[in-house]
1. All but one of (1) at pLDDT 95 or above; (2) open to solvent by 80 Å² or more (accessible area, probe 1.4 Å) hold for Ser290, so report the exception by its number.
2. Assess whether Tyr244 counts as being at pLDDT below 95 and aromatic (Phe, Trp, Tyr).
3. Can you pull out every residue in segment 241-276 that is of a type outside the set (Lys, Arg) and closer than 19 Å to Gln306 by Cβ?
4. For segment 280-309, which residues satisfy the criterion of being in contact with a helix residue (DSSP H, G or I) (Cβ under 7 Å, 6 or more places away or on another chain) and assigned to a loop (DSSP other than H, G, I, E, B)?
5. Could you say whether any residue in segment 203-210 is surrounded by 16 or more Cβ atoms within 10 Å (Cβ to Cβ), under 27 Å from Val162 (Cα atoms) and at pLDDT below 95?
6. State which residue is nearest to Asn91 (Cα to Cα) when the search covers only segment 134-144 and only residues that are open to solvent by 80 Å² or more (accessible area, probe 1.4 Å) and more than 25 Å from the chain's Cα centre (by Cα).
7. Among the listed residues Tyr131, Tyr87, Tyr118, identify the single one that is assigned to a strand (DSSP E or B), more than 30 Å from Lys222 (Cα to Cα) and open to solvent by 80 Å² or more (accessible area, probe 1.4 Å).
8. Hey, among the residues in segment 55-84 that are among the basic types (Lys, Arg) and surrounded by 16 or more Cβ atoms within 10 Å (Cβ to Cβ), which one's nearest to Tyr131 (Cα to Cα)?
Amino acid sequence: MNQILATENNKKKNKTSGPIEIKKIVRFFAVAMIILGIALIGGGSYAVYENISIQNPDNAPKVTIYRENDKAILNVQHNVNISRIVYRWDNGEETVLPIGSNVANESITLLGYDSTLYIMVEDINGKQSNYSKQYILNGVDIKQPEIKIDTAHGNKTMNIIVTDNSALKTLTYNWEGEEAVVVNIDGEGQTFFEREVELTPGSRKIYITAEDMNGNIERIEKEVIATTEDTEVKIQLLQGGKFYVKVKDEDGVSSIKINLNGQEFSVDNINQKEIDTQEYTLTEGMNIISVTVTNVNGYTKTQAGQIQYPYSY
């Protein structure tokens, strides 16, 4: 009887422990699946992020291309360093430009006829981005205007002369540190324009821009030295093969350099409007002499000649 009861109790224990073991196994696999799921979700999220990183325009180089005269002006900006830029026209040869920074500016000469510019930008991570720009240029004027400055020392004005092969649109100029003056050239089809500009004594830089009706632009900058009057240089001959140099400049003489038969003499820090140099001695025969005068504005004048000694009158 006891054996029967014991057997029954064992069966009850086995019946009771069976579901508990199954729950443990299920719980184990459930936890394992959750961990695996988290790992897969994490891996999937990383993969998606990487994909977005590659395709997101915010992470691609910013490329700007515009035309200026006969050039395509290329500007590239990136959030990492650019390794190289490769470009070609249509199916032509490639040109490789090593960069090494996150900004690049390049000037590419146009072909002058209808063509397509292909550009590849590669960053230091090996990521490549491709761009293209079509230029319709058959029959299009891509020649910039020409600018000439006409001035002479001692003049109180100078002339800005602009010419173009088609038609001029505007002339803009300004002295360094001053506001720009914009001149609209109203004449229809006008290919020549001249502007007179007042000068003040001294050395000043002027910036000049001319644009034609087709958007072609020319820019120049020039240091202009203006003087009140031209410098006077006279060689005064004396008895016994002696001479001196007489110099006059309304703005003031800064320095004088004399070269006599290859021997140099100089007088510096003068700062006078008129000066007579010391006397110098000629040698017998033909003497070669040059005198260079610099005034206080930086204007330089050189006068050269030959003097026979003994003098022949």
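The values are calculated or read from the model by the stated rules, or taken from the named source; none is laboratory data. In this text, all values refer to a predicted model and were calculated from it rather than measured experimentally. FYI the Cβ positions are ideal-geometry reconstructions off the backbone, even for glycines, and counts take in every protein chain you see. The accessibility values were calculated without ligands, DNA or RNA, using every heavy atom of the protein model including side chains. Shrake-Rupley method; radii C 1.70, N 1.55, O 1.52, S 1.80 Å.
1. Against the list (1) at pLDDT 95 or above; (2) open to solvent by 80 Å² or more (accessible area, probe 1.4 Å), Ser290 comes up short only on (2).
2. no
3. Result: Gly241, Phe243, Tyr244, Val245, Ile258, Asn259, Leu260, Asn261, Gly262, Gln263, Glu264, Phe265.
4. Of all residues in segment 280-309, those in contact with a helix residue (DSSP H, G or I) (Cβ under 7 Å, 6 or more places away or on another chain) come to 281-282, 309.
Within segment 280-309, just Leu282 meets the criteria.
5. Checking segment 203-210: at least one residue is surrounded by 16 or more Cβ atoms within 10 Å (Cβ to Cβ), under 27 Å from Val162 (Cα atoms) and at pLDDT below 95.
6. It comes out as Ile136.
7. Going through Tyr131, Tyr87, Tyr118 in turn, the sole match is Tyr118.
8. Arg84
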